[in-house]
Structure formats: C-alpha cells, structure tokens
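Worksheet: one structure, shown below.
No value in this document is a laboratory result; all are computed from the given coordinates. Fair warning: this is a prediction, and the values are worked out from it, not measured in the lab. Note that each Cβ is placed from the backbone with ideal geometry, even for glycine, and that neighbours are counted across all protein chains shown.
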Amino acid sequence: MKDFLEKPNVTTEQDTNQLTTLDQLQRQVNAMYGLLSNLYGSDKLVLRAGKLEALSLIRSEIIEERVLALQKLVFEDPTYETLPSLEEIPAILESLQDEIADAIARRTVEEELEKKIGEKMNKRHEDYINEIKMQIIKDNSGPENAQTLKKLAILEKLDSKKLASSAMQILRPESFDEIIGQERAVRALLAKLASPFPQHIILYGPPGVGKTTAARLALEVAKGIKGAPFAKDAPFVEVDGTTLRWDPREVTNPLLGSVHDPIYQGARRDLAETGIPEPKLGLVTDAHGGVLFIDEVGELDPALQNKLLKVLEDKRVFFDSAYYDPNDHNVPKYIKKIFDDGAPADFVLIGATTREPEDINPAIRSRCAEVFFEPLTPAAIQGIIRQAARKLNVQLDEQIPEIISEYTIEGRKAINILSDAYGLACFRQHQDNHSHIHITVEDVYEVVQVSRLTPYVFNKASDDLEVGKIFGLGVAGYLGSVLEIEAVAFAARNPGQGNIRFNDTAGSMAKDSVFNAASVIRKLTGQDISNYDIHVNVVGGGRIDGPSAGVAIMLAMLSAIQDQPLPQNIAVTGEVSIQGKVKAVGGVFEKIYGAKQAGIERVFIPKENIQDVPMDLKGIEVIPVQRVEEILDRIMPEMKASQSIA
C-alpha cells in the first residue's frame, strides 16, 4: 500500500531549486495520503477513491493528478476535473491541510462523544437493570418490614378474639312481623318503596320506634317484589346526619364526593407526579341502585342539604377541578369519564328524623313522601319485651313487661332495660349454680334504681271521682302526655271582689283560656265567678303552649264552683270560645296516644279534629264534640245549665 500511495522518483533533468520544490510538494502529498489512510483506513480509502473516480489518479506518477485525487477525496466531490498547475498546488495543499485538520478534529470529537455516549449508555443500562432488580425485590417483599409485620400480627391476633354478640344485635327485628306497634307506618313505607316507581321518603317519629330497622327491611322486601327496580345486590348505605362532616371548600365531602388536587390535597402518587387531580366518590355513588338512609336528616348541614337536592334532581354527581385538562392524554379514562359525565348517583333517599316536619328543609320535603311512625303504647312495649324474652330464651316474672312499660316509651330503651336485667340474672345464676335463667321483678327494679330511671307516665287514670280535677292533653314533638289540671273555689270575702290565680309559668295564652272559661261558666250557669276566689293549677308547673287546655280549665273551674265531681278516667282537649264552642287544636294524634299511655278510657276532642283520629285505634274511646254542653251531658248529667248558650 505504501508503494501504491507514494510516487516514484522524478528522473527528469531540472535545476536544483525546482527539484527541491517538487520534492517538498511530493512529500506533502504523500503525507496527506498517509493522514487520509490513518483517518479512513487503507481499505476504506481505496473504496472511497473508487466511488469518487479517483483511483487511477492516485496511482499516477504525475503530482498534479495526485493532487486532483486529493481534492476529490478530501472534499468528496467527483466533479473536480481540472488539473492544478504547479504554481497552484501549494495553495491547494494548504486548503487541503485545513480540511484534513478539520476532519481529524471532527473524528477526534466524534470518538470522544462516542466514548462518552457509550459510557452513558452503559451506565443507563446498569441503572435500568438495577431498577428492575429493585422492583422485583419490592414486588416480592412489598412495603413490609419487621415493624409493620409485627403490627399486622398484633391486629390479626386481636381479630381472632371476639366477644359474644350484643343483646341489641340479637334482639334486632329480622322481619316486619317483629316490628311491634308500627303496622300502619310499615304498610305506608312499603307502599312507597316497593313499587315500580319508588319515592324518596322521610320517616318522622320519636326515637327508638324502629325507623332504621323498618327502612332496612323494606329494601329487602322490595328486592323480592316483581316490578320493583331494585336488584338483588342493591346496597343499603347508612349514615348519621349528626356526625356527617364536610368541608365547604370541597376538600372533603364523604356524602357527595370530592376531588383531591395533585399539589395541595395529596392525589395518588402516580397521578400527582403527572399533575392529574383524583376524584373521590361519595356515599351517594355507593348507594347507586339502592337506598341511601340518612338518620337524623334534619341535623344535616343546610348547605349540604341543598347540594344533596341537586344530586336528587340530576341523579349524578359532577366534579370540577382547575387542575383537570380534558386534552391531557395522560389522564386515565375513568377520571376523564367522571369529570366529563359525572358519577352515577341514582338512589332512593330515606331520611329519618325526630324533628317536626316544619323543621325540615321545605325543598327536601317537597321531593319526599312522608311517613309518620307512632309513639309506642304500653301494650306495644310489653309486646316487645315478651318477644325479646323469647329470643333470649329466658323466663320473666309476669309483671315485668308492665313494669318496664312504665319507665319508657322507646323500644330500644325497653330492650336495654331487659338486657341489663338479663345480665343481673346471669350473674345470679352463676352464683347459685342454676342452669336456667329467670329474670325477676327485683332484677328489673335494681336496673331502674341503678340507672336512676323515673316512670314515664306520672298521671294515671282511675275510676274515682274528684272535685275540681281533670286531665288535659299536651304534646311535645311526637309524644303526647296528660296534664293534671286542678282548681279550687272559695266564696269571696267581699261579694263581687273575688280573684283568679293561675300558674305564672303556664303561658299567656293559657291564662287567656282562664278568662274565656270564666265567661263561659257565667253564661252557662248564671253564676258570676267574681263572687269566688278561684285558684287554677297545672300540677308539675308545666308550660302550656297555646289554648288547647281551655276546655279542661273550664271544666275544672265549673266543678270546683258547683262542687260537682269529675271522672278521672277521661281527658279533654280543645280551645274554648267565649260562646262555649270547642275549637280545633293541634297534635290530636299524639295526644290520643298520650292518653292511652296514662290509661285514659275516653277522650273528648273538637269535632273539627275528627280526621286526626287514628283509623284503627283500639283501647280508647274518642268522642268528638262541638260545644261544652255535649261534654257536660256525658260526664256531669246531674248538672243542668241554667241557661243555654246562644
């Protein structure tokens, strides 16, 4: 190859200077060919010369042709055809030297870059291999360590230890037949839920009467009714409105759901790293296709109630976030669907409350059917106790159901009293080595004393007759009660200068009823009550809101003035007008149940309230009247009015 690149010696006769110059040029040309050979390699240089049509020029003995070949090789241009002159060769060689120097520099830089690139690639490859190894180790071992595994073992050990089920779990009704005293409410609830077009429902009633249990059982019944929209796996999601908390900034909202932004609210790590917000679905979506039961719905935050109304209308929950970009291809499809279409929330709302209907958001009430659960009567409480005793497989003293019914009107509280007495009986059985558990009256009274319970009904009806005493009726919430109203009358020291006293705490409207009663008595009997000192009292000092005790006050005063006894197994309610009419009052339904609890046999109500009387009422006689004379004819037949009332 050396012979191929080097030109033979020139044998022509020339002067010494010309030979020296030509020899120098020849050496420069040979040196350049050597550089090119080192730069590209001998074989590649020959191939390069063949492509550029310079192979014959390289082999030439003429320096001009060899220089032309250099031009083609260095500049990679086959169009060079003109042979340079000897005078031009030095300048051409100089430009070729610069180009070759640039090529060598580029090659050096490329080699260094290739070396660094190779090193980087090797490093990345090693890192990638190590990362895969660590991932495999992590997948095999997980996030666990000695401390976490120890805590897990402690939790599993705790889970393996279980106490017996609580009495409330065992005694909870498992069918509608076991819900005592609420037959009408249960029927109404089923009618509204177990239909092809179920309604949202609000359940009203005092605590402990079975609202939650009835709602849960109603869904189970509805699942088995043909035509009802509930699937076999329809969920029953229960939440308490008193404990439901949310953040108005929508940082968290367990009821409706919220969005965790990637920066401030801690979205999932893989989403936060790419700046994608993470929606968290709420209970309304969990209840999709089933029932969302909100206990104490009246305690729910008003703003949250308004948001819930929007969900009830749309049957979906919509989310929003400043971090959501619908055009971001990194957003998972499920997140995109939630933001674009909303989360499904098609459910039936059942709310339970102990509040009055007027205390509930009117917008929610307008969208819901309303079912009223009735206060439990003593007979219902006694039935609950007997049913619970059968489930516990214990014997009771015969008087126990009646005793417990005197201390509560709540089914849950009655069960608690029985459960506590059951515990005492078990303890006594363990001490006496008895095999069968028997709950005694003493067990119940011990529970009552330890719990500091007092009888729920203080006023008890009787078959006696008393002068100046009668039972009126009051209501607080969903609970009716009897009011013991008494009056005494004395002849005034000075005729026409008598006075009337009444409880200062009874309320101004109740005091007005006293003066209305005085006018009615005067027109009814012709007697001027100014000739008497009369004292009217509501036993216990209770406050009477409204004029509903007017008739009872009038009868007590009339009995005291005429010294005529009144039966103590009746109760009256109604406003008395100065013309002797008995006007309509509120809460008649609850008042009747309160009278039943006190053992009242007959209740006189305004005829205008006849629609408020329970249709299937048993155990008490309800008598509607329009005037006070109708009451007098029934309870004081020997008392005759001296004049009629126009």
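Brief remarks on what is shown
- Distance from the C-alpha centroid of the stretch 384-416 to that of the stretch 200-262: 30 Å, rounded to the whole angstrom.
- Relative contact order (%) - criterion: Cα under 8 Å, at least six apart; region: the chain: 9 percent
- Neighbour net charge for G290 - beta-carbon separation under 12 angstrom, K R +1, D E -1: -2
- Lys, Arg +1 and Asp, Glu -1 on Cβ, resulting dipole of the stretch 172-372 about Cα centre, debye, nearest 20: 540 debye
- Members of K44/K115; K51/K120; K192/K226; K162/K280 lying beyond 26 Å, as alpha-carbon distances in this model show: K51/K120; K162/K280
- The lysines within cross-link reach of K133, meaning a Cα-to-Cα straight distance under 19 Å and a gap of 8 or more places when in the same chain, are K123.
- The stretch 90-136: trypsin sites (Lys or Arg not before Pro) falling in loop per DSSP and having at most 11 other Cβ within 10 Å: none
- Once the Cα atoms are used to define both axes, helix 508-525 deviates from the longest principal axis of the chain by about 30 degrees.
- Once the chain from V441 to E402 is taken as fully extended at 0.36 nm per residue, the excess over their C-alpha distance is 13.0 nm.
- Whether the stretch 465-635 is rounded, prolate or oblate, judged on the alpha carbon gyration tensor where a/c under 1.5 counts as rounded: prolate
- Straight-line cross-link partners of K151 among the lysines, defined as a Cα under 17 Å from its Cα and at least 8 positions apart when in the same chain: K161.
- Charge tally around D533: other residues with Cβ under 10 Å, Lys/Arg +1 each, Asp/Glu -1 each, net +2.
- Summing Cβ point charges (Lys, Arg +1; Asp, Glu -1) relative to the Cα centre of the stretch 273-326 gives a dipole of roughly 220 debye.
- Remark: relative contact order (the stretch 305-411) = 25 percent; criterion is Cα-Cα distance under 8 angstrom and separation of 6 or more residues.
- In summary, the lysines within cross-link reach of K460, defined as a Cα separation below 24 angstrom excluding same-chain residues under 8 places away, comprise K413, K469, K591, K596, K618.
- Neighbour counts of C-beta atoms inside 10 Å place I600, I403 in the sequence I403, I600, starting with the fewest.
- Selection among V467, A518, V488 by position relative to the dipole of the stretch 465-635 gives A518 as farthest towards the positive end (Cβ unit charges, Cα centre).
- Sorted fewest first by neighbouring Cβ atoms within 10 angstrom, C426, C368 come out as C426, C368.
- Here is the list for the stretch 548-620: trypsin sites (Lys or Arg not before Pro) lying in DSSP coil, each with at most 16 other C-beta atoms within 10 angstrom of its C-beta, are K618.
- Under 5 Å, built H, 5+ apart or other chain: amide partners of G351: I201, I202, L203, I294
- Matching the structure-derived Rg/Rh (Cα atoms, Kirkwood Rh) against the labelled list (1) 0.96; (2) 1.47; (3) 1.16 gives the label (2).
- Taking amide H as placed 1.01 Å from N in the peptide plane, R627 has its amide H under 5 Å from the amide H of V582, each at least 5 places away in sequence or on another chain.
- Residue-averaged [θ]222 nm for the chain, counting only DSSP H segments that reach four residues, each worth -39500 (n - 2.57): -14000 deg cm²/dmol
- Under 5 Å, built H, 5+ apart or other chain: amide partners of L566: E466, V467, G468, K469
- Of all DSSP-defined beta bridges confined to the chain, some 45% are antiparallel rather than parallel.
- Cα shape, the stretch 316-401, gyration tensor, a/c 1.5 rule: prolate
- Proxy reagent accessibility, fewest Cβ within 10 Å first, across S195, S548, S56: S56, S195, S548
- Taking a Cβ cut-off of under 15 Å around Q199, the surrounding Lys, Arg, Asp and Glu residues balance to a net charge of +2, with basic ones at +1 and acidic ones at -1.
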